[in-house]
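What follows is a single structure, written as structure tokens, with notes after it.
The values are calculated or read from the model by the stated rules, or taken from the named source; none is laboratory data. Nothing here was measured: the structure is a model prediction, and the numbers come from that model. Cβ sites come from the backbone with ideal geometry, for glycine too, and all protein chains shown count toward neighbours. SASA here: full protein model, heavy atoms, side chains in, ligands and nucleic acids out. Shrake-Rupley method; radii C 1.70, N 1.55, O 1.52, S 1.80 Å.
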Amino acid sequence: LECTRSAARTLVSLARDRGWLTVQSFSDRVRYELVHCLAVSPHTHSELAELLPANLASEQADVDRVLLDIAVYDPPRGLDDKGKYRLKDEVWAEFDGFFHRYTPQEWENAMQNAVAGFRRATAAAKKSAAAAAEW
């Protein structure tokens, strides 16, 4: 059953991910990869560099520009802690649950984080709509 589930997930991810069929800009490819790396859990800058495919990680200045656009930096809280990047709430709309490079555990973590991220984004949108209505 697990093998069938994995095969079905792979087929769906290949059908949905058209990036390999089309020409995408470098920043779009980096954005897609970073969104899905950060969907699993917050990561340090060096962890993200290791997780990105080598052809994308080599252009560090461009990666940093995209990272600032999609993520929030949480500074270290103590001497033994490291600062980590996490997805901005509004970026969760770009998350694809069929990302092809997730392990089953990463997929589970990403889905749990996505649900929480969507809830935060929805709550923030309702709050700003209510504030705008008061004006």
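Quick notes
- Sorting the segments 36-42, 66-72, 78-84, 100-106 by their mean number of nearby beta carbons within 10 angstrom, highest to lowest, gives 36-42, 66-72, 100-106, 78-84.
- Adding -39500 (n - 2.57) for every DSSP H run of four residues or longer, then dividing by how many residues the chain holds, sets the calculated 222 nm ellipticity at -20000 deg cm²/dmol.
- For the chain, the solvent-accessible area works out to 67 Å² per residue, with a probe of 1.4 Å and every protein chain left in place.
- Phi-derived couplings, Karplus 6.51 cos²θ - 1.76 cosθ + 1.60 at θ = phi - 60°, listed residue by residue for the range 81-87: 8, 10, x, 10, 9, 9, 5 Hz, with x used for Gly and Pro.
- Within the chain, the proportion of Cα pairs with more than 20 Å between them is 54 percent.
- Fraction of accessible area attributable to carbon and sulfur, the chain (%, probe 1.4 Å): 58 percent
- The fraction of Cα-Cα pairs per 10 angstrom bin, counted from 0 for the range 52-112, comes to 17, 37, 41, 4 percent, rounded to whole percents.
- Under 5 Å, built H, 5+ apart or other chain: amide partners of D74: K84, Y85, R86
- Zone of R120's modelled label, taken as backbone nitrogen in the range 41-63 under 14 Å from a point 7 Å along Cα→Cβ: 41-43
- Cα lying deepest toward the dipole's positive end in the chain, options Q112, P76, P42, charges on Cβ: Q112
- Placing a label point 7 Å from the Cα of Y73 along the Cα-to-Cβ line, the residues of the range 27-62 whose backbone N sits under 15 Å from it are 43-49, 61-62.
- The length gained on full extension between H45 and E94, counted as 0.36 nm times the residue separation minus their Cα-Cα distance, comes to 15.6 nm.
- The order of the peptides 122-128, 2-8 by mean Cβ neighbours within 10 Å, most packed first, is 122-128, 2-8.
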